[in-house]
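Asks: One structure, as structure tokens, below. Some questions next.
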Amino acid sequence: MSERALRGTRLGATSYENDAGIDFAPRQDIEYVCPNEHRFIMPFSVEADVPPTWECKVCGAVALLVDGAPPEEKAGKPARTHWDMLLERRSVADLEEVLAERLAVLRDGGIAGADIVRPAPARTIAGRAKKSAAAAKASAVKAPAGKPKNTAGRSAARKTAARADS
Ligand SMILES: [Zn+2]
């Protein structure tokens, strides 16, 4: 937009500051390429530690540095299995006890077993309450508001179209 153009404004965080007279910190352009051959360049400060991977701007895949060593495999957490989770709630001794109870019920010819509902150990209940509180907190964080719609531009276009019709 020309510097002399009359610019309208609206409520919001639009900044008309431009880059004139600003010395940028020295930068370097780093090229990444994703598995689907999308290439893109990211500017980084020369002082920055350049990350070995970047999310592809086109497809979202993990793009790798073009001329860099492949990233080291991270020793990620091993996946938690159902068995691991069970062991977090009950010890093997507990489980043996539960199994013996259930077997006894089975052998007596019943499996309804509403009478032998066992409460989980107290610490587990406390842990679960903590977890659900954290989950509630996380879901309470609002998603960023979307871009306000540029209704001004659209209505101007409509007016122009109306004028063309008459
Ligand atoms: Zn891609």
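The values are calculated or read from the model by the stated rules, or taken from the named source; none is laboratory data. Not measured: the values here are computed from a predicted model. In this analysis, Cβ positions are derived from the backbone assuming ideal geometry, glycine residues included, and neighbour counts consider all displayed protein chains. Each accessible area value is taken on the protein alone, full model and side chains, heavy atoms only, with ligands, DNA and RNA left out. Shrake-Rupley method; radii C 1.70, N 1.55, O 1.52, S 1.80 Å.
Asks: Taking the condition modelled with pLDDT under 90 and under 22 Å from Glu31 (Cα atoms), does Glu73 pass?
Replies: Here the answer is yes, as Glu73 does meet what is asked.
Asks: Right, another one. Only residues in region 36-63 that are in a strand (DSSP E or B) and open to solvent by 40 Å² or more (accessible area, probe 1.4 Å) count as the first member; pair them with residues that are of a type in the set (S, T, N, Q) and more than 14 Å from the ligand (Cβ to nearest atom), Cβ under 8 angstrom, at least 6 apart or cross-chain, and list the lot.
Replies: Listed by first residue and then by second, the contacts come to Pro43/Gln28; Ser45/Gln28.
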